[in-house]
1. Please work out the Cα convex hull volume for the range A:1-121 and give it in Å³ per residue.
2. Viscosity 1.306 mPa s, temperature 10 °C: give me the Stokes-Einstein translational D for the range A:148-208 in µm²/s, with Rh taken as the Kirkwood radius over C-alpha pairs.
3. Fewest to most neighbouring Cβ within 10 Å: what's the order for B:Leu188, A:Leu333, A:Leu149?
4. Counting Lys and Arg as +1 and Asp and Glu as -1, what is the net charge of the other residues whose Cβ lies under 15 Å from the Cβ of A:Gln835?
5. How many Cβ atoms of partner chains, on average, are near each residue of A:277-286 if near means within 10 Å of its Cβ?
6. Label A:Asn409 and A:Lys7 with points 7 Å out from Cα along Cα→Cβ: what is the distance between them in nm?
7. Let me know the charge dipole size of chain A about its Cα centre in debye, to the nearest 20, where only the beta-carbon of Lys, Arg (+1) and Asp, Glu (-1) is charged.
8. Across peptide A:317-326, what mean number of C-beta atoms from other chains lies inside 10 Å of a residue's C-beta?
Amino acid sequence: MSDFPTKTRCVVIGAGIVGNCLVGHLSDMGWDDIVLLDKGPLPNPGGSTGHASNFIFPCDHSKEIVDLTLDSQRQYEELGLQNTCGGIEVARTEERMEEFKRRMTSAKCWGIPSTLLTPAEVKELVPFISEDVILGGFYTPSVSAVDSLETGTQMRKRAQEAGHLQVFANTEVTDIETTNGKNKPKVSAVVTDRGRIECDTVVVACGVWSPRIAEMAGATIPLTPAVHQMADVGPFDVLVETQQELAYPIVRDMDTFCYERQTAGSMEVGSYAHRPILHRVEEIPSNDEAALSPTEMPFTADDFDQQMEEAIELMEFLGDGEIKYAINGLLSLTPDANPVLGPTVEVEDLWSAAAVWIKEGPGVGRLVAEWMTHGYPHLTDPHGADIARFYPQQRNVHHIEARCEEHFNKTYGIVHPREQWDSRRDVTTGPVKARTDALGAFYFEAGGWERPHWYQSNQDLVQNYGIQEREHEWDGRWWSPISDAEHLHLRDHAGIVDLSAFQIFEISGPGSLEYIEHMVVNKCDVKVGASIYTPVLNPSGGFRSDLTILRLGLERFRIITGAFDGGRDEYWFRHNMPGDGTVQFENRTNAVCTLGVWGPNAVDLLSALTESQLDQDAFPYGSCQEILLAGIPTEMFRVSYVGDSGFEIYTAMQHGLALWDAIAEAGQAFHLRPVGAAVYGTSGRIEKGYRLMGAELENEYTPVEAGLARPKVKAADFIGKADYLAARDDSPCAQLCVLSMNDLACEAGYNRFPMGSGNEPILSPTGERIVDAKGRVSRVTTAGNAPSVGKYLLMSYLPVELCAPGTELQVMYQNELYPVTVEATGPNLALFDPQNDRMKN
Amino acid sequence: MRVLVCVKRVPAPGSRINITPDGLNVDTSHLGFTTSPHEECAVEEATQIVEQHGGSVTVLTVGPPEAEEQLRYAASVGGNDFVLVVNDTGEDWDPQRTSTAIVEAIIDLENDAGEYDLILFGNESADAGGYQIGIKVAVALGRPAVNGIKGIDISGNTLTARREVDSGYEVYTLQAPAVLGVKEGINLPRYPTMKGRLASKKAQIDRRDSSTPPGPQQKVRLHQPEETVTETQVLGNGADAAAAVVDLLADLGVL
């Protein structure tokens, strides 16, 4: 083909909803030399977009997903390719009705008009529904159906008409070539059956084929093709008579994991209830080999029979409809059910835009285009979808398939915010697990690591401190009163915390100081042995991370970051390393064990194990020293995330068990108890008002708004500095605040406990949403009991005019309103020991 | 009227059919299976005959245990009784062995419940395309047979069958019992309803073994015809495409 290009700036592989929308947005943002490839024909090349049901229920509990969905709806609407028909989720169980209250809360938070319906009200909207099998409905008038193929066509056309895009269908990618990049391989060309294209950037937007395409360059995209069954049934007079594509709201029968969607005279019945049916990429037939399309696999009817019975229960007439079309449609599942977006960790300038539903497609197109253009997206903080979130042990097919098998049937499930995985546990454990097992640790997974959340061995403390169980099962699920008891015991005596899951990186080399100054906000040119707690910003000045840095030598720094953030942080630090060899990066997570010991007895306890002086004068707060503890070499760091005196103690992984045993033995005289991460991560933290990445800290907010701006700005340049300076000069329109709940009692008379899962809105006294001048909604970012303060606390950003302590507001939880009061704002949000006497004196 | 329909489980491939490395079979590793299209029409025809004239439809297949899927599909659109003559050798039987197994089964079934007035086959199977099973069975049973049938009328014991030829139809009159091989187009097979599908789960399958010896025909190898590469060009959408369509038709000499 003479017109096939030999060179371009950017190759996008995959002309489904994502690839098409991406090229449209890239073109809008000034990318003027793009090539879009697909191995199939256009407009339907045979991927998942081609058989999608194309409906959008906008309400979700995740802010990130809702941001993408609402932006997608706006884009479909702008193109005139959206049919807003409304949608009803119906409940057959009381548990689902409770879930609908949670959905109402989310809907309120995101500003999506929704109402709860009685069965009779559902029947008014959907006259053919059997109202006797349902208990009620959750109705969202803005539910829509869209034309995803035409949307893709229009977006593609927009870029073509701008002269920015060349499109080649029926073009198979056979290789992605790489060359030596700055610190890792870099894409250099895409090889196809029509020729080779040199390029700077490649985006894999290939849906279920993405892993295979990325592998050509040596990168991983952790997803698996999985079956979603659906059948088109009809015709039915009641639908034919409407002479409309969609005359009735789309129904999601949530407890049977099915949906019923009118398609003109027929009804499309789809299911997420069948057994998980996962495929390997190599099992997907080519366009030529497929009887229908490659992603419309042969229907396995046995898997769908129960769903048919349940569909007939809900809509009796369906039984008489002919099954005209039925498929095992392939879609992409990831280990945590979120998309996989952003630059791949293994190969420079190779991007992933995969595992995306139709409802998020155009939004993802915009988001990835922003990311590629500006270095980070503005549409929403994508940390939940960032492909760098996965650790190596989570990128292999064994992990992917195990997790996807587990969560497939939760697609319409009721998933608790604290819900833990069953599969692939005990894959990553610290050196003290034998001891924590013996103490009855209840583990939560943290970035793949097993981390004790509370200890059954502390059950006696519950009675000692008089801690009550939570009355509502939902509030008490994945929670234990032991945690509050451990908290109070630590405040009274001492606690040891297994922090093996900490992610630890070491930076060394002659360029390390200059490099690390460039990476973070706060000054790193401190004396050896000092620490720096600092925000890490995106180029646009929003939070990318927050972490602690220890200066271990003149040219050696240790970075300590959270278990949920290590993958993204490692990518970011490696990505920005100079390529001249003056800086070395080493991930020492698997080599370093971290234990924490805090409480009024902590210093005395640890002093019993060493001849070194551990008092504040010899070992001031915020400093790090090499100390022998029971003869074991350690680095001790005087710091606290729980608000009490004590240390993070690092030792070689092989010494971890011996160190635990030595501390435990010495601790007997100091009433030492093991303390779980529920104290470390929530109750201890919230009493001190400490912020958490992914909760309070995200790209939408600046250090100024989070109360983390230091009085001075260092002279050295750093990523995001310009926007940071601008934020400091501006008056912030919102500030992070701590609020307390005035009354926990629900309408039924017992206490409820908001989760702090990000979807609970703070409302005005009259029940209105609170939105700041930048359009950001006030919502609970962390919630937790503060046993030492005697209050249940919430954290939330509020418009500055509402930040004054004493301001009375409300919080919505499970569709009920509770009065709250602003307690603190600004840099110091601590309600417990606000002067830090316990930590520093 | 008692009608027997013989069907075959065949792969449902796309435009490209892969062959196993030994060259002897269609590679079905990622394919679904269906009933040969002519035979789907045979089942529909039998169903319509019984709906019109009364009686019952028996659907019979010779195939692997998995061929139960095709019998249940038939059950979901109309059959009454279902017979699976199990071929568990892992390979297709040749036409002689297949037809012998069918004849044995028919004789047994007729001994038990009486003669079939009409035995329907598809004109040929979608995979092997041997065009001979129906004829062999008819010969063995001593019954009249016609292939290529696209229309059947029944009046008492008289069957009128129409066969499409280039210049029109050939019309055959047969006396029951008889054998007909029908072709796609004789009717438009109905789709199963959801209720039909669910009911088919309860259908009783009469499984039978066959001790028929292997036939003389041996498959040497399958040949993959050279692929013809075609490319589709979208001329436009809606009215905007009209000019391009006209130009193309002019180029082709149609206009």
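Derivation of every value follows stated rules applied to the coordinates shown; laboratory data play no part. Bear in mind the structure is a predicted one, so any value in this text is a computation, not a measurement. Virtual Cβ from ideal backbone geometry, glycine too; neighbours counted across all protein chains shown.
1. Numbers: hull volume 18.4 nm³, N = 121.
Measuring per residue, one finds 152 Å³ for the Cα hull of the range A:1-121.
2. The Stokes-Einstein estimate is 117 µm²/s.
3. The fewest-first ordering by Cβ neighbours comes to B:Leu188, A:Leu149, A:Leu333.
4. -1
5. Working: counts 0, 0, 1, 0, 0, 1, 2, 1, 7, 4.
That works out to 2 on average.
6. A separation of 5.7 nm, rounded to one decimal place.
7. Details: 68 positive and 119 negative charges, 521 e Å.
Here the size comes out at about 2500 debye.
8. The mean count of partner-chain Cβ atoms within 10 Å per residue comes to 4.
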